[in-house]
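Here the structure is laid out as structure tokens; the discussion comes afterwards.
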Amino acid sequence: ICILNDLFVLPEIRGSGLGAALLDKAEAFAKQTGAVRVSLQTARTNHPAKRLYEAHGWARNTTLDGYSKRLT
């Protein structure tokens with residue numbers, strides 16, 4: 001399993017296809033390394049990213065919630 005962290009495209013070039021190209025590269029890398037799945041997380045309010053992922057065949061996980069804890 002590959003975990004994709006921090007896929008980010010600058011606001012001024014969003015919609016240019018760069019995000020889709022990055023997803024394609026990540027998927028190709030995962031396949032080359034023998035991974036059977038790629039996972040990522042995004043904010044619940046990040047609707048443009050969700051649309052991009054779903055348009056490229058990614059399925060939203062409806063069974064898990066993510067957790068984090070800030071250590072200060």
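Evaluation of Val9 against the conditions (1) touching a Leu at 6+ places or on another chain (Cβ under 6 Å); (2) under 17 Å from Arg60 (Cβ atoms); (3) not hydroxyl-bearing (Ser, Thr, Tyr) shows that the sole unmet condition is (2).
Scanning segment 44-57 for residues that are open to solvent by less than 100 Å² (accessible area, probe 1.4 Å), outside any helix (DSSP H, G or I) and without any contact (Cβ under 8 Å) to a residue 12 or more places away in the chain yields a total of 2. Can you spot a residue in segment 31-43 that is part of a loop (DSSP other than H, G, I, E, B), surrounded by 12 or more Cβ atoms within 10 Å (Cβ to Cβ), touching a Leu at 6+ places or on another chain (Cβ under 7 Å) and in contact (Cβ under 8 Å) with a residue 12 or more places away in the chain? Yes. Among residues belonging to segment 1-30 that are touching a helix residue (DSSP H, G or I) at 6+ places or on another chain (Cβ under 8 Å) and assigned to a loop (DSSP other than H, G, I, E, B), point out the one that is least open to solvent (accessible area, probe 1.4 Å). In this case the residue turns out to be Val9.
The values are calculated or read from the model by the stated rules, or taken from the named source; none is laboratory data. On a predicted model such as this, the values are computed, not experimentally measured, just so you know. Here the Cβ is made from the backbone with ideal geometry for all residues, glycine too, and neighbour counts use every protein chain on show. Only protein heavy atoms, including side chains, enter the accessible area calculation; ligands, DNA and RNA are left aside. Shrake-Rupley method; radii C 1.70, N 1.55, O 1.52, S 1.80 Å.
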